[in-house]
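Before any comments, here is the structure.
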């Protein structure tokens, strides 16, 4: 099987029936992804997968876990922030049965505050709320943006949202922008998340 037919993907898992609102889950997903990379990037069991994933795939999926599935996920290598867990990348053919059973996270992107300039040492991830993305799609894109900044850096993380003129201004400001690969929900090249890092104080 060719690598393109059996891609590496990082799984972000959200516990179903969580009481946490979308903005908290989104920030947790970003932080969990960064912590997962920090913890397992140099782990002998995961180093090769991470290196290949980072170089050639960088795919992420966001899944929802029923209570029993959530407990199974917690028995795997992962990093957890609240009701969100992130697992090191593995090939589709090598997924554990619990990951195969779970469905993609649905739901709406809602409740994000408008962006304000990030504080020094803060990573701000701004979602383009004008795109028709599900909650799961948005969290995967947010995690992508979070990993565009060196995960070894210990940064506070915040997620905001804007659209229309606000998005155009932000995307044109020089901030790094995530562009979707077009595999699900939105067209290839859609600008999904802007990555804005606060400048450390001298």
Checklist entry - Given a cut-off of 17 Å, what percent of all Cα-Cα pairs of segment 122-197 lie beyond it? => result 38
Item to check | In Å, descending, principal axis extents of the Cα set of segment 67-152 | outcome: 42, 32, 23
Checklist outcome for this item: Going fewest to most other Cβ atoms within 10 Å around each Cβ, 49, 134 line up as 134, 49
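So if I take the alpha carbon set of segment 3-104, get Rg, then get Rh from the Kirkwood formula, what is the Rg over Rh ratio? Walk me through the numbers before you get to the answer.
On the way: Rg = 13.0 Å, Rh = 13.6 Å.
With Rg and the Kirkwood Rh in hand, the quotient comes to 0.95.
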Checklist entry - Share of antiparallel DSSP beta bridges in segment 3-104, in percent to the nearest 5? => result 60
Checklist entry - What is the Rg over Rh value, at two decimals, for the chain, using alpha-carbon atoms and the Kirkwood definition of Rh? => result 0.95
Item to check | Within a Gaussian network of the chain (alpha carbon springs, distance under 10 Å), most fluctuating of 85, 48, 171 | outcome: 48
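DSSP beta bridges in the chain, what fraction antiparallel, as a percent rounded to 5?
Values: 20 of 34 bridges.
In the chain, DSSP labels about 60 percent of beta bridges as antiparallel.
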Next on the checklist: If I build a Gaussian network model for the chain, linking alpha-carbon pairs within less than 10 angstrom, which residue out of 157, 184, 192 has the largest mean-square fluctuation?
Outcome noted: 184
Checklist entry - Which value in nm describes the separation of the simple spin-label points at residue 179 and residue 165, placed 7 Å from the Cα toward the beta carbon? => result 2.7
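Read-outs throughout are calculated quantities, based only on the coordinates presented, and are distinct from any laboratory measurement. Predicted model, so just to flag it, every value in this text is computed and none were measured. Quick reminder, even Gly has a Cβ in these numbers, built from the backbone with ideal geometry, and neighbours come from all protein chains shown.
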